[in-house]
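The values are calculated or read from the model by the stated rules, or taken from the named source; none is laboratory data. A quick note: this is a predicted structure, and the numbers were derived from the prediction, not measured. We place every Cβ from the backbone using ideal geometry, glycine too, and count neighbours over all the protein chains shown.
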Amino acid sequence: MSYASASAQASITVQSGQLTLTVTPSPPWTPGQTLSFTVGLPSVAWTTDNVTIYVNGTPVTSFQIASGVGGGGGAWTIPQGYAGQQISIYAQDSLFGATSNTVTGTVLYPTKITISAPSTVYPNQPFTVSGTLQYQNASGSWVALAGATVTVKGSWGGSATATTNSSGQYSVQLTAPSSPGTYTVTASFAGSSSAAAAMGYSPLAVSPPPGAPPVVTLPEWAWGLVGLAVGLIAGGLIGYAVGKS
């Protein structure tokens, strides 16, 4: 028995394409901050997929995406060694052989600022506020941040600015408010393209000068009694004056 020749064809589609990568929070970042990664696949995985996250071309973390799922995520905490760097982040997977978009951002140097001010001053008295601004370099050491602008403000409205010297030190003069009370002095660095912002606080008590009469503070209800007493006294004096005339 002879048979006629026969053939059949079937087409298959090989899925490829780009992964989608989202990084939160948005840059800039600081060392010690944890970044969350969300990766979307070109299509639903038919088997387990392995995704690797790269930072500046170096793999830093990986995670699996289960079959039947179209995406997944992972996290990574930025080491101190990345401080001051511009980094590029992207993802690659093993199932589709695809690469994601690249997310870039700056890892800022952490900063800290100290503030020193008198604990107590008199009304309208000039006084000095000083301190030091530092940043933490890639090796983890705290060093002076020179040439930075520091703004010092009092909660009563006084303010002054200074530029840090080679040792990171700053010094300004403020004038105390005219009213006694408890206030706050704030020293702040707004940050830069490579260094994070920093802020420090110091309480300030403004006291009456020696020999000044004490300031009497009455509750609100007492002022009504004072007004009534004044009214009665004034009325009595007027009545007395009328009677004498």
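One table, with the values for the structure above:
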item	result
Selection status of Thr163, exposed (fewer than 13 other Cβ atoms within 10 Å of the Cβ) and modelled with pLDDT of 95 or more	yes
Residue among Ala176, Ala75, Ala98, Ala91 that is within 22 Å of the chain's Cα centre (by Cα) and among the aliphatic types (A, V, I, L, M)	Ala75
Among (1) modelled with pLDDT of 95 or more; (2) surrounded by 15 or more Cβ atoms within 10 Å (Cβ to Cβ); (3) not assigned by TED's automatic domain parsing to the domain that holds Thr186, the one test that Thr58 misses	(2)
Options Ser188, Ser167, Ser159; residue that is outside the structural domain of Gly73 (by TED's automatic domain parsing), in contact (Cβ under 8 Å) with a residue 60 or more places away in the chain, among the polar types (S, T, N, Q) and in contact with a strand residue (DSSP E or B) (Cβ under 9 Å, 6 or more places away or on another chain)	Ser188
Top-ranked residue of the range 13-31 - restricted to ones that are among the polar types (S, T, N, Q) and in contact (Cβ under 8 Å) with a residue 12 or more places away in the chain, ranked as nearest to Ser141 (Cα to Cα)	Thr30
Test: residue in the range 64-84 that is surrounded by fewer than 16 Cβ atoms within 10 Å (Cβ to Cβ) and touching a helix residue (DSSP H, G or I) at 6+ places or on another chain (Cβ under 9 Å)	no
Breaking point among (1) surrounded by 14 or more Cβ atoms within 10 Å (Cβ to Cβ); (2) farther than 19 Å from Met199 by Cα, for Asn101	(1)
Filter result for Ser155 (surrounded by 15 or more Cβ atoms within 10 Å (Cβ to Cβ) and of a type in the set (Gly, Ala, Ser))	yes
Total residues in the range 32-77, condition touching a Gly at 6+ places or on another chain (Cβ under 8 Å) and closer than 25 Å to Ser139 by Cα	4
Sole residue being modelled with pLDDT of 95 or more and out of contact with any Leu (no Cβ under 6 Å at 6 or more places or on another chain), chosen from Ala196, Ala212, Ala176	Ala176
